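The next block holds one structure in the form of structure tokens; read it before the comments.
The values are calculated or read from the model by the stated rules, or taken from the named source; none is laboratory data. This structure is a prediction, so every number in the text was calculated from the model and none was measured. Using ideal geometry, Cβ is built from the backbone for each residue, glycine included, and neighbour counts are taken over all protein chains shown. Remember, those area values only see protein heavy atoms, side chains included, never the ligands or the DNA or RNA. Shrake-Rupley method; radii C 1.70, N 1.55, O 1.52, S 1.80 Å.
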Amino acid sequence: MDIKVEQFMAPIRAKNPSESEFHQAVREVAESLIPFIEEHPKYKHAKILERIAEPERIIIFRVPWINDRGDIMINRGFRIEMNSAIGPYKGGLRFHPTVNLGILKFLAFEQVFKNSLTTLPMGGAKGGSDFDPKGKSDNEVMRFCQSFMTELFRHIGPNTDIPAGDIGVGGREIGYLFGQYKRLRNEFTGVLTGKGIQWGGSLIRPEATGYGAVYFAEEMLNRNGNSLKNKIVAVSGSGNVAQFTVQKINEFGGKVVTLSDSNGSIYDPNGIDEEKLEWIMELKNIRRGRIREYADKFGCEYFEGKRPWHIKCDAAFPSATENEIDKNDAEILVRNGCKVVSEGANMPSTPEAINVFLRQKILYGPGKAANAGGVAVSGLEMTQNSMRLPWSREEVDKRLYTIIKNIHQTCVNFGAESESYVNYVKGANIGGFVKVADAMIAQGAV
Ligand code: NDP
């Protein structure tokens, strides 16, 4: 146990009780940063880490709406404006019944470092609600989104705070949220990202997080003279990030054999090819069905209530949710020969699982680096909105790949422990920290 980390964490735990995910995210960063800060006293004197762990502003609000039966429903809405040292607040909205303050604070905290790594001028934020879009009609989702935005609109703006999607918030929800914001403000601005292509969205934004996680894995592998070609890959989740992760892995010549949702996982040893993926996109994005139906349709195994990590693979892309790989899962993955983990999801590996990956020195790309492609293309969407000029698919994809290469290089610069081994956790944490910390020092004790 590191005494300095313990001393740093004690007041954070006391001040933010019952927010275990927030403690987990802060602790992981503190473990990398405290030795670095000891070597750079200017950050210590300016209490940068202590300040970064305290949100600049938290907004919590009531979201009343009326369901199809005419009943009044009440949810809770949140926006955590974590840090604006290097740009306006930026980060997604999550609609899921597990949403609470601690989850959103962990996500907002991670977002500060991630956004800094992209090299684009974006501060960190996160928000959402405990509303569950699953099983709701389109009209119910629309009424909820309108009510949510009726409060949120007064706190956000294209130069202040620019939300995007996350779990449970895809193109449909962004559309309803944008429509209500426009109506309330009487302004057509780039206040949200992930917009539809006909009304200010960017090409490649839906693909960006998944593509980025694959580009990051390819960069890690290339550095070791390897690639994703012919690799057997386990992917979890079956939402936005998972779908485009599968698509890009297929393009790179890998074979994806698993997907999952909150009910269970499928194992298709023949691989999820482009045709099967198209069917999944229809299942998940339009019919909003369960992944179990894939097993019936394509005649493969389905594991009720199980995550996919027991399946033998060379590479793993956790793309569902936080803490979905525990120590036991990590040990099984490594034992089965998994050599690379690239996190599409945010904090999908528990601290004990991360320790397994670091001890075994496999290529482990933490979420704040590996899934930064989504927010990076959100940043590019903001640029296009400001220019009032859209870029082509090729242009955006090229910029995305360049940003991911730069993030990878930053991780190498700050995380290389020997010629052959990079600690990407350390690299991402320190690499993301420096720019924000220097900006905070320059801006004084604010
Ligand atoms: P989606 O809502 O599109 O998909 C989420 C997927 O994960 C679904 O398959 C869902 O299953 C599954 N899932 C959600 N919660 C749980 C749970 N508690 N246990 C098991 N499975 C679960 O979300 P995204 O694909 O956008 O997000 C996935 C991850 O990627 C999240 O961690 C998110 O924070 C992260 N991320 C997303 C970005 C983006 O651009 N969208 C950017 C960066 C990170 P079910 O349908 O059953 O709920």
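Would a scan of region 364-376 turn up a residue that is surrounded by fewer than 22 Cβ atoms within 10 Å (Cβ to Cβ) and among the polar types (S, T, N, Q)? No, every residue in region 364-376 fails to be surrounded by fewer than 22 Cβ atoms within 10 Å (Cβ to Cβ) and among the polar types (S, T, N, Q). I need the full set of residues from region 173-193 which are crowded, with 23+ Cβ neighbours inside 10 Å and not in a helix (DSSP H, G or I), in order please. Within region 173-193, VAL191, LEU192, THR193 meet the criteria.
If you take the residues in region 266-294 that are hydrophobic (A, V, I, L, M, F, W, C) and open to solvent by 10 Å² or more (accessible area, probe 1.4 Å), which one is nearest to the ligand (Cβ to nearest atom)? Quick ask: steps written out before the conclusion?
Just the residues of region 266-294 that are hydrophobic (A, V, I, L, M, F, W, C), to begin with: 266, 272, 277, 279-281, 283, 286, 291.
Add one more test, that the residue is open to solvent by 10 Å² or more (accessible area, probe 1.4 Å), and what stays is 279, 281, 286.
Values: TRP279: 15, MET281: 11, ILE286: 13 Å.
Restricting to residues being hydrophobic (A, V, I, L, M, F, W, C) and open to solvent by 10 Å² or more (accessible area, probe 1.4 Å), the top hit is MET281.
In region 317-341, the residues that are within 23 Å of GLN247 (Cβ to Cβ) form Cβ pairs under 7 Å with partners that are more than 16 Å from the ligand (Cβ to nearest atom) and in a helix (DSSP H, G or I), at six or more places apart or across chains, as follows: VAL340/MET220; VAL340/LEU221; VAL341/PHE357.
Scan ASN406, ASN385 and give me the residue that is closer than 23 Å to GLY91 by Cβ, modelled with pLDDT of 95 or more, under 19 Å from the mean Cα position of the chain (by Cα) and open to solvent by 10 Å² or more (accessible area, probe 1.4 Å). Don't jump to the end; show me each part of the working.
Details: ASN385 fails: under 19 Å from the mean Cα position of the chain (by Cα).
Unique residue meeting the criteria: ASN406.
Within region 235-253, is there a residue that is closer than 30 Å to SER418 by Cα, within 14 Å of the ligand (Cβ to nearest atom) and touching a Leu at 6+ places or on another chain (Cβ under 8 Å)? Within region 235-253, one or more residues are closer than 30 Å to SER418 by Cα, within 14 Å of the ligand (Cβ to nearest atom) and touching a Leu at 6+ places or on another chain (Cβ under 8 Å).
Rundown of residues vs (1) in contact with a Phe, Trp or Tyr (Cβ under 7 Å, 6 or more places away or on another chain); (2) buried (at least 22 other Cβ atoms within 10 Å of the Cβ); (3) assigned by TED's automatic domain parsing to the domain that holds LYS90, yes/no style:
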| site | (1), (2), (3) |
| --- | --- |
| HIS155 | no, no, yes |
| GLY171 | no, no, yes |
| LEU228 | yes, yes, no |
| VAL235 | yes, yes, no |
| VAL241 | no, yes, no |
| ASP261 | no, no, no |
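Within region 339-360, the presence of a residue that is among the acidic types (Asp, Glu), farther than 18 Å from VAL412 by Cβ and open to solvent by less than 30 Å² (accessible area, probe 1.4 Å) is excluded. The condition of being of a type in the set (Lys, Arg) and buried (at least 24 other Cβ atoms within 10 Å of the Cβ) does not hold for ARG76.
Filtering ILE103, ILE37 for residues that are in contact with an Asp or Glu (Cβ under 7 Å, 6 or more places away or on another chain), among the hydrophobic types (A, V, I, L, M, F, W, C) and in a helix (DSSP H, G or I) leaves a single hit, ILE103.
Any idea how many residues of region 115-153 are open to solvent by less than 10 Å² (accessible area, probe 1.4 Å) and not in a strand (DSSP E or B)? Outline the logic, then answer.
Let us first name the residues in region 115-153 that are open to solvent by less than 10 Å² (accessible area, probe 1.4 Å), namely 115-118, 122-129, 131, 141, 144-145, 148-149, 152.
Subsequent filtering for residues that are not in a strand (DSSP E or B) retains 115-118, 122-123, 131, 141, 144-145, 148-149, 152.
Selection size over region 115-153: 13.
PRO390 satisfies every condition listed in (1) open to solvent by 30 Å² or more (accessible area, probe 1.4 Å); (2) in a helix (DSSP H, G or I); (3) away from the ligand (no atom under 16 Å from the Cβ) except (2).
The set of residues from region 79-94 being within 23 Å of HIS23 (Cβ to Cβ) and either open to solvent by 70 Å² or more (accessible area, probe 1.4 Å) or among the basic types (Lys, Arg) (or both) comprises ARG79, ARG94.
Taking the stated definitions as given, is GLY91 within 24 Å of GLY427 (Cα to Cα) and in a strand (DSSP E or B)? So GLY91 passes the test.
Open to solvent by less than 30 Å² (accessible area, probe 1.4 Å), away from the ligand (no atom under 13 Å from the Cβ) and touching a strand residue (DSSP E or B) at 6+ places or on another chain (Cβ under 8 Å): is that true of GLY196 in this structure?
Numbers: open to solvent by less than 30 Å² (accessible area, probe 1.4 Å): yes; away from the ligand (no atom under 13 Å from the Cβ): yes; touching a strand residue (DSSP E or B) at 6+ places or on another chain (Cβ under 8 Å): no.
The answer is no for GLY196.
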